[in-house]
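The values are calculated or read from the model by the stated rules, or taken from the named source; none is laboratory data. Here the structure is a predicted model, which means the values were calculated and not measured. Quick reminder, even Gly has a Cβ in these numbers, built from the backbone with ideal geometry, and neighbours come from all protein chains shown. Surface accessibility is based on the protein's heavy atoms, side chains included, excluding ligands, DNA and RNA. Shrake-Rupley method; radii C 1.70, N 1.55, O 1.52, S 1.80 Å.
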Amino acid sequence: MGTGLLTDPFPRVDGRIQCGGIPLGELAVEFGTPLYVYDMERIRRQVGRFEQAFAGAGVLIAYSVKANGNLALLREIGALGCGADITSLGELHRARRAGIPASSIVFAGVAKSEIELTRALDEGIYGFNVESESELERIDRLAALMGVQAAFAVRVNPNVAADTPHEYTATGHDATKFGVPIDRARALYSWAADRPSLVARGIDVHIGSQIVDTAPYLEALDRVLGLVEELRGAGVGLEYLDMGGGFGISYGDGAGLDIEALGRAVVPLVSEAGLRLVIEPGRSLVGEAGVLLTRVQYVKRTSGKTFVIIDGGMSELIRPSHYGGYHAIRRVDTRLDRHVERVDVVGPVCETGDFLARDREIDMPDPGELLAVHTAGAYGFVMASNYNARLRPAEVMVDGGEARLVRRRETLDDLTRLEEDL
Ligand SMILES: Cc1ncc(COP(=O)(O)O)c(C=O)c1O
């Protein structure tokens, strides 16, 4: 099923979890904790899997930079032939610095500023995924001023209920700020038809994140392809259909989306419509390839609870406290047996909401032991903060049997560098 087809990037060998043949314990000693560790080989295989599953539709894999924007990782992903789905000037900067060509970048987001639009027009990106009438008007005006043509796709909100694990990760229904209802999308394309600075290149839909079922994708595509047909009848011929991302992975508490099954269903629909397929996977490319490596500081027992207190928390990985995200947590070295206990795994931040697991049965660690927080390659480091004046962790990439520091740990100087000390 789904991503389970691939081998575990963090196998346990003789009791110790490894990444690319290197024991995580060695990485913790060399680079310190908390530490993000990414397995590049796993990412490479995921890219290959997407390429194969969607090959029949001339797919552009526009990696969703928001999931993990580390430059080294982006450079590797770009070198595999992927483009980028970006959502800000900063992500455009990252993608371009990593060598991803502008011609394979799509730009989503409801609040694109004039500065962001101008820079993206200047670069000549593949398409703006337009989220409102006023945004398209703004793009038209700026493109005319700059004397360029802007290629766009309307992000259609198909009003599909996708079963995502949390309300914050559903985007394809009427009550969210994303996209344009189908009727208004039609009107936007016909308005743009008379504007010499605008080129309708595609159509876009993204229904949410961590979706493990193919049905909502097919429902959304059905609606979008209906509109494509109508537009063609009205003389608006499009080049691509961007079906967004959101492909669910296994966090250890259930199966991920069956990518191959999705490919089998989607490719014929899109290619029969004469369109090129664009997909925007984020989590599904990098999520399972990462762990957050942490060290246990204390074990604290109160009358009703046991707390395993580790050196990383919501400031390093906010998913559990932000939207109830589940991450499997394992002792890195199990050569010594321990009993299983029901605990809360909590971090150092002064918030009751600072936890990585609650009421979870785990193999009870001793203080000083390492814990691996799994499936942390997506929406991990990118959402890390300096709250409580904590230093953001280092990131290491393992590839070809070697570990490379791809972002150093922040220092106390980094913490105050941008402030005036009067
Ligand atoms: C427009 C768009 N595309 C792609 C993604 C990537 O989603 P995921 O990382 O779940 O694949 C997101 C996530 O929020 C998104 O908003």
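Below, the figures for the structure above:
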{"item": "Net charge over other residues, Cβ less than 13 angstrom from the Cβ of ARG45 (K, R count +1; D, E count -1)", "result": "-4"}
{"item": "Crossing angle, helix 215-233 versus the chain [Cα axis fit, 0-90 degrees, rounded to tens]", "result": "20 degrees"}
{"item": "Portion, in percent, of the accessible area of the chain that falls on carbon or sulfur, probe 1.4 Å", "result": "49 percent"}
{"item": "Inter-label distance for VAL13 and SER103, nm, one decimal - labels placed 7 Å from Cα along Cα-to-Cβ", "result": "4.2 nm"}
{"item": "With Cα atoms, 0 to 90° folded angle of helix 182-192 axis to the chain main axis", "result": "60 degrees"}
{"item": "Folded to 0 to 90 degrees: helix 259-272 orientation relative to the chain principal axis, Cα", "result": "10 degrees"}
{"item": "Virtual paramagnetic centre 7 Å along Cα→Cβ of ALA234, amide N under 20 Å, in region 271-311", "result": "273-275"}
{"item": "Two-site label geometry, ALA193 and LEU405: point separation in nm, points 7 Å out along Cα→Cβ", "result": "5.9 nm"}
{"item": "³J(HN,Hα) computed for each position of region 34-51 - Karplus, 6.51 cos²θ - 1.76 cosθ + 1.60, integer Hz, glycine/proline x", "result": "x, 9, 8, 10, 10, 9, 5, 4, 5, 5, 4, 5, 5, 4, x, 5, 5, 4"}
{"item": "Solvent exposure of the chain as accessible area per residue, Å², 1.4 Å probe", "result": "42 Å²"}
{"item": "Under Karplus coefficients 6.51, -1.76 and 1.60, residue-wise ³J(HN,Hα) of region 8-22 in Hz, glycine/proline x", "result": "5, x, 10, x, 9, 10, 6, x, 10, 6, 10, 9, x, x, 9"}
{"item": "Spatial extent of the chain: Rg and Dmax, with the Cα atoms as the point set, Å", "result": "22.5, 72"}
{"item": "Derived scalar couplings ³J(HN,Hα) [region 235-246; Karplus, 6.51 cos²θ - 1.76 cosθ + 1.60; whole Hz; x for Gly, Pro]", "result": "x, 9, x, 9, 9, 9, 10, 9, 9, x, x, x"}
{"item": "Cut-off under 5 Å, modelled amide H: who pairs with ARG276 long-range", "result": "TYR240, LEU241"}
{"item": "Segment LEU336-ASP366, extension gain: residue separation times 0.36 nm, minus the distance between their alpha carbons", "result": "9.7 nm"}
{"item": "Highest-MSF residue in the chain out of LYS305, LYS177, LYS66 [GNM, Cα springs under 10 Å]", "result": "LYS305"}
